[in-house]
Structures are given as structure tokens and as C-alpha cells.
1. Which condition from (1) in a loop (DSSP other than H, G, I, E, B); (2) touching a residue at least 12 places away in the same chain (Cβ under 8 Å); (3) within 30 Å of N5 (Cβ to Cβ) is the one that G78 breaks?
2. Across the range 33-73, what is the number of residues that are out of contact with any strand residue (DSSP E or B) (no Cβ under 6 Å at 6 or more places or on another chain), outside any strand (DSSP E or B) and touching a residue at least 12 places away in the same chain (Cβ under 8 Å)?
3. Looking only at the range 54-65, count how many residues are over 18 Å from E12 (Cβ atoms) and surrounded by fewer than 16 Cβ atoms within 10 Å (Cβ to Cβ).
4. Residues being closer than 10 Å to I42 by Cβ and among the polar types (S, T, N, Q): count how many of those fall in the range 54-87.
5. Just to verify a result, which residue in the range 4-14, among those that are in a loop (DSSP other than H, G, I, E, B) and among the aliphatic types (A, V, I, L, M), is farthest from R82 (Cα to Cα)?
6. Condition first: surrounded by 11 or more Cβ atoms within 10 Å (Cβ to Cβ) and outside any loop (DSSP other than H, G, I, E, B). Can you find one or more residues in the range 15-32 that meet it?
7. Scan H44, H67 and give me the residue that is out of contact with any Gly (no Cβ under 8 Å at 6 or more places or on another chain) and under 30 Å from A6 (Cβ atoms).
8. Check S84 against each of (1) in contact with a Phe, Trp or Tyr (Cβ under 8 Å, 6 or more places away or on another chain); (2) exposed (fewer than 15 other Cβ atoms within 10 Å of the Cβ); (3) among the small types (G, A, S) and name the one condition it does not meet.
Amino acid sequence: MLFINAQEVHLEAEPVAYKQPCPLCGSEQGVKRNGQNQPRKIRHLNLFGKRCYLVLPSLRLACSRCHIGFVWTYSFVGPKERYSRLF
Ligand SMILES: [Zn+2]
């Protein structure tokens, strides 16, 4: 938990896996982590009757086979969206 007050609670979360497959070749073999962008703050379902935000790392990945970079995809929130699918 990062922060809590009368109205809001902020939770930090991060992926359990170390890598995600490349969206082009579908393989993890050439994939490496390549730093991260500013963390994402995603509005999620209320918790303890407070507005709940998930703070997620925006992980950059690179595939050495395809020479592309991509950003970690979370199943519960679309790319660039600021609200979770459940919310
Ligand atoms: Zn690839």
C-alpha cells in the first residue's frame, strides 16, 4: 500500500512474470526488459469504501529477433486506458 486517506487508497502492484512474449514473433526468447516509463495509475473498484487506484510499472520490453520495442500488457486494463475493465 502506497497511500491511504479518507477518500482514496493507492496500491502498488507488479507482474509476477519477468517477461512477456513479443507481439510480433510470439516468442519470449529474444525478449529483454528495457527499462520503464512513468508508472501507470489505474482506477479500480472501490476498496474499503474508498476510491482505489492501482499503481503499475510501465515496463518496456525489446525483442532482439524482431528489433522492436513494446510495453508490458496488463489483461485487466487496455493500453493507455486509465480505468480497469472491472471498473
Ligand atoms: Zn519478436
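No value in this document is a laboratory result; all are computed from the given coordinates. Since we're looking at a predicted model, the values are computed, not measured. Quick reminder, even Gly has a Cβ in these numbers, built from the backbone with ideal geometry, and neighbours come from all protein chains shown.
1. (2)
2. Adding up the residues that qualify gives 5.
3. 3
4. Residues that pass the stated criteria total 1.
5. Going through the qualifying residues, I end up with A6.
6. yes
7. H44
8. Condition not satisfied by S84: (2).
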